[in-house]
Amino acid sequence: MPFHQRILFSYKARWIPYWELLIILLALVNCILVPLETAVELDFTKEWIYQMLNVIFDVLFFMDILISFNTSLNINNEEIRDRSHISLNYLRG
């Protein structure tokens, strides 16, 4: 198997739904914290732990982009492993 296909995750992987749930929860937290941070100057947003959590969230969102580009697709009950097809599907939304 070529190297570029070895790092392709299957959409059937058991951890994928848990990863998606984590990303959804992080997005919900951001939906609350970002407007608060923008509208009101809160004291806790200047704490190092809050800044570290923001960096961790950003890294996890970037990892989600990488994982999405490297996960096969399920189209008509057929697993699509073609990277160009996966990339176009991801970019189209």
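The values are calculated or read from the model by the stated rules, or taken from the named source; none is laboratory data. Computed from a prediction, not measured in an experiment: that's the story for all the values here. No Cβ is skipped: glycine too gets one built from the backbone with ideal geometry, and neighbour counts run over all protein chains shown. These area figures cover heavy atoms from the full protein model, side chains too; ligands, DNA and RNA do not enter into them. Shrake-Rupley method; radii C 1.70, N 1.55, O 1.52, S 1.80 Å.
Show 90, 50 ordered by accessible area, largest first, where the area counts protein heavy atoms only and the probe is 1.4 Å.
90, 50
Using the Kyte-Doolittle scale, find the helices of the chain whose mean hydropathy is at least -1.0 and whose Cα atoms extend 24 Å or more along the helix's long axis, counting only whole DSSP H runs. Write down the numbers at each step before the final one.
Working: long enough: 16-39 (35 Å, 1.77); 48-69 (32 Å, 1.63).
Counting only whole DSSP H runs, the qualifying helices are 16-39, 48-69.
Let me check the size of the chain from its C-alpha atoms; what are the radius of gyration and Dmax in Å?
Values for the chain (Cα only, Rg and Dmax): 17.2, 54 Å.
So for the pair residue 53, residue 68, with labels modelled 7 Å out along Cα→Cβ, what separation do we get in nm?
The two pseudo-label positions are separated by 2.4 nm.
Please report the net charge: other residues with Cβ closer than 14 Å to the Cβ of residue 20, K and R +1, D and E -1.
+1
Relative contact order (percent) for the chain, with alpha-carbon contacts under 8 angstrom and 6 or more residues of separation?
Value for the chain: 36 percent.
What dipole magnitude, in Debye to the nearest 20, does the chain give about its Cα centre under +1 on Lys/Arg Cβ and -1 on Asp/Glu Cβ?
On the way: 7 positive and 10 negative charges, 109 e Å.
Magnitude of the dipole: close to 520 debye.
Given 0.36 nm per residue, what is the gain on full extension from residue 10 to residue 76 after removing their alpha carbon distance, in nm? Don't jump to the answer; show the numbers that get you there.
Details: separation 66, 0.36 × 66 = 23.76 nm, distance 1.53 nm.
Stretched fully, the residue 10-residue 76 segment lengthens by 22.2 nm.
Report the one residue of 77, 16, 54 whose Cα lies farthest in the direction of the positive end of the charge dipole of the chain (charges on C-beta: Lys and Arg +1, Asp and Glu -1; origin at the Cα centre).
The residue sitting farthest along the positive end of the dipole is 77.
What FRET efficiency would be calculated for the residue pair residue 40, residue 20, taking the C-beta separation as r and a Förster radius of 30 Å, to the nearest 0.05? Intermediate values should be presented prior to the final figure.
Details: r = 31 Å, r/R0 = 1.03.
The calculated FRET efficiency here is 0.45.
Quote the charge dipole size of region 5-48 about the Cα centre in Debye, to the nearest 20; the model charges only the Cβ of Lys and Arg (+1) and of Asp and Glu (-1).
Values: 4 positive and 5 negative charges, 113 e Å.
Result for region 5-48 is approximately 540 debye, rounded to the nearest 20.
Keeping all protein chains in place, calculate the accessible area per residue for the chain (probe 1.4 angstrom), answer in Å².
Heavy-atom accessible area per residue stands at 77 Å².
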